Every structure is written in C-alpha cells, then in structure tokens.
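The values are calculated or read from the model by the stated rules, or taken from the named source; none is laboratory data. Note that the structure is a prediction, hence the values are computed from the model and not measured. All Cβ positions, even for glycine, are placed from backbone atoms using ideal geometry, and neighbour counts span all protein chains on display. These accessible areas exclude ligands, DNA and RNA; they are computed on the full protein's heavy atoms, side chains included. Shrake-Rupley method; radii C 1.70, N 1.55, O 1.52, S 1.80 Å.
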Amino acid sequence: MEQTTNLEFERTMRMDWEKGLLLPNADVRESVKTLGQLESIFLNEKDRRAMDPATVVYRVQAWCPVPEGTEGAQFWGSTVIEPGQVDTEYFMTHGHFHSKRDRTEYYATIEGEGALILMDESRKTWMEPMFPGSLHFVPPSVAHRVANSGKVPLRVVACWPSDAGHDYDVVRRFGFGARLLNVNGKASLVRSGN
Ligand code: PAN
Ligand code: ZN
C-alpha cells in the first residue's frame, strides 16, 4: 500500500485509556489548578481560604497540534478532577464559555462519577451525569465545567476546536446559575444567586 504522509502533522500520540491520560511528551502541555488558584469560584470562599492552598483540585493535559486560534483543527485534552469538597460543594473545574461562542465540544468519562454542568447565556443551568463511558456534547454558547461527586479521581477526555478560545471572565465574575452540592450525601444541583 502506498503511504502518503503530511510531515507537518505526522505526530502519533499515545493514550493510556485506563487512566484517560496522554503519555507525556514535548507536545503535551500540562497544568495544575490548586485551591489557592481558584479564588471566588466556590460558594464558601471563607472555607476555601481556610484550606491548604496547595491542594490540587484538577490537572489538565492538552495536545494542540496547531497554534491556538487556527481555524479548522481540533485540540485534545484530558482532565482529572480530584475528589473533595469546599464545604458542601464538590471539587470542580473553573468553567468557561468559548470565546467564539458557536464553538462546541465533546467530553467523555473514563473513570469516576460526577457531572458536566452547563449554562447558557441566559444563565439557565443544567447538568448531565458523568459515569464511565458517558459521552457529552457541549452545544454552542454554553459554558461548561466538570464536578467530581465521587470518591475517586474523575477522569475525562475532551475535544474542542482549535479556534474556540476560552472566556473565563463571565464565570469568574458571575459563576454558574447553579452549583453541585452534597445535600445529605446526595449530589444535587442547587440554584444559586451567583
Ligand atoms: C477543557 C477544559 C478543562 C479545564 O479542556 O479546559 O477541563 O477546565 P477549565 O478550562 O474551565 O479550567 C475544555 O473545556 N476545553 O475547551
Ligand atoms: Zn471548553
């Protein structure tokens, strides 16, 4: 069989599908978010400040084969959210809209349990349960974050357009319209003023 290659894009990456992680190499960007970096994201800011700021809430890997902002390509990422709570609120990602609001995304769960929390521009907020094998589509103009309501790390993978961009500002200032709280041992989406 004749093989054709486009050297510019000749990169085969490897996934550890048990853990939902990219095997690290020079093309994989890794970042960590700690409690100390998540100021004003959780409802109980006083409790957050009383906790160890070095506590890891989540880790992100991203494979961006083309420069950020390029039209027509896609990025691949992996996020691991640790189990934990700030007061009754489960550990979760910061959450964002895409800067280009019509850009969508897929999320899939590898391990653990939790919720994909979604909010449209009118602040209507809803959730989809995440469990091993669950596959989720984030529609256009919908902010998204992932919360871990289980006892083990919640491992998810995601794929999004390379020109989506991330707008964290709206979420930082106004939060989502609801929060995933542990109410008597049950994960419940509770409406909130912020
Ligand atoms: C994901 C997220 C990742 C971390 O790759 O960026 O889960 O969440 P925050 O970006 O909100 O901190 C994604 O949605 N990319 O578009
Ligand atoms: Zn996104």
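Tabulated values for the structure
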item	result
Out of E71, E45, sole residue that is open to solvent by 90 Å² or more (accessible area, probe 1.4 Å) and out of contact with any helix residue (DSSP H, G or I) (no Cβ under 6 Å at 6 or more places or on another chain)	E71
Conditions (1) among the aromatic types (F, W, Y); (2) within 21 Å of V32 (Cβ to Cβ); (3) out of contact with any Gly (no Cβ under 6 Å at 6 or more places or on another chain); number of the one not met by F131	(2)
Count of residues meeting criterion [crowded, with 19+ Cβ neighbours inside 10 Å, part of a strand (DSSP E or B) and more than 14 Å from ligand 1 (Cβ to nearest atom)] in segment 102-156	2
Residue match in segment 73-87 (condition: more than 13 Å from R155 (Cα to Cα) and of a type in the set (S, T, Y))	no
Any hit, segment 92-106, residues being in contact with a strand residue (DSSP E or B) (Cβ under 9 Å, 6 or more places away or on another chain), more than 12 Å from ligand 2 (Cβ to nearest atom) and not acidic (D, E)	yes
Enumeration of residues in segment 83-98 that are in contact with a helix residue (DSSP H, G or I) (Cβ under 6 Å, 6 or more places away or on another chain), open to solvent by less than 70 Å² (accessible area, probe 1.4 Å) and either of a type in the set (S, T, N, Q) or more than 14 Å from ligand 1 (Cβ to nearest atom) (or both)	V86
Unmet criterion (only one of (1) closer than 25 Å to K46 by Cα; (2) surrounded by 15 or more Cβ atoms within 10 Å (Cβ to Cβ)) for G165	(1)
Tally of residues being free of Cβ contacts under 8 Å to residues at least 40 places away in the same chain and not acidic (D, E) across segment 102-134	9
Matching residues, segment 65-106, being small (G, A, S) and farther than 18 Å from L43 by Cα	G69, G72, A73, G77, S78, S99
Count - residues of segment 34-52 that are in a loop (DSSP other than H, G, I, E, B), more than 26 Å from T109 (Cα to Cα) and not hydroxyl-bearing (S, T, Y)	4
Test for E39: is it more than 16 Å from ligand 2 (Cβ to nearest atom), open to solvent by 50 Å² or more (accessible area, probe 1.4 Å) and under 15 Å from the mean Cα position of the chain (by Cα)	no
Test: residue in segment 27-48 that is among the hydrophobic types (A, V, I, L, M, F, W, C) and in contact with a His (Cβ under 8 Å, 6 or more places away or on another chain)	yes
Condition met for A164 (near ligand 1 (Cβ under 10 Å from one of its atoms) and not in a strand (DSSP E or B))	yes
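So that you can scan it fast, the table gives a plain yes or no per residue for (1) surrounded by 20 or more Cβ atoms within 10 Å (Cβ to Cβ); (2) not in a strand (DSSP E or B):
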{"residue": "P24", "(1), (2)": "no, yes"}
{"residue": "R29", "(1), (2)": "no, no"}
{"residue": "V32", "(1), (2)": "no, no"}
{"residue": "A54", "(1), (2)": "no, yes"}
{"residue": "S78", "(1), (2)": "yes, no"}
{"residue": "K100", "(1), (2)": "no, yes"}
